[in-house]
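Student: What follows is a structure written as structure tokens; I'll ask about it next.
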Amino acid sequence: MSVTTIREPEAQIRMPGMPAPQAPRVVANPERVTPGQVVQYLGRVNGGPRFGVEGTVVQALRRKALVDLGRAGKWHIPYYFLTIPEAA
């Protein structure tokens, strides 16, 4: 009698030097964002905030949100540059 071991298939072969895949991010929009909520800025604009900085929504508007980014100040940021961080 033989015992068969079932293994879960790997999605991708691990290769040294390759970054781990990231989970898809939830894009912010006026229905998902409320004042006091933490969001993350993913824009790359010259003279703008640093990529990946997190801040708190002060006011949710129709096309953009007023976000307090701490030391970087308060910015009006379009929703397509904002994501909602996933809980760990």
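Student: Under the Karplus relation 6.51 cos²θ - 1.76 cosθ + 1.60, θ = phi - 60°, what is the ordered set of whole-Hz ³J(HN,Hα) values for segment 52-63, x standing for Gly and Pro?
Tutor: So the Karplus estimates, Gly and Pro as x, are x, 5, 9, x, 10, 6, 8, 8, 9, 9, 5, 10 Hz.
Student: Please report Rg over Rh for segment 14-57, where both radii come from the alpha carbon positions and Rh follows the Kirkwood definition.
Tutor: Working: Rg = 14.2 Å, Rh = 13.0 Å.
That ratio is 1.10, to two decimals.
Student: Near the amide H of residue 74, under 5 Å away, which other amide H atoms are found, from residues 5 or more places off or on another chain, if H is placed in the peptide plane?
Tutor: Residues meeting the amide H criterion: 69.
Student: Using a 1.4 Å probe over the heavy atoms of the protein chains, calculate the carbon and sulfur portion of the accessible area of segment 44-88 as a whole percent. Before the final figure, lay out the partial values.
Tutor: Numbers: 1610 of 3240 Å².
Using a 1.4 Å probe with all protein chains present, segment 44-88 comes out at 50 percent carbon and sulfur.
Student: Amide H of residue 43: which non-local residues (sequence gap of 5 or more, or other chain) have their own amide H closer than 5 Å, using H built in the peptide plane?
Tutor: Residues meeting the criterion, in which the H sits 1.01 Å from N, are 52.
The values are calculated or read from the model by the stated rules, or taken from the named source; none is laboratory data. Treat the numbers as computed from the prediction; the structure is a model and nothing was measured. Protein only, heavy atoms only, side chains kept; ligands, DNA and RNA dropped before computing areas. Shrake-Rupley method; radii C 1.70, N 1.55, O 1.52, S 1.80 Å.
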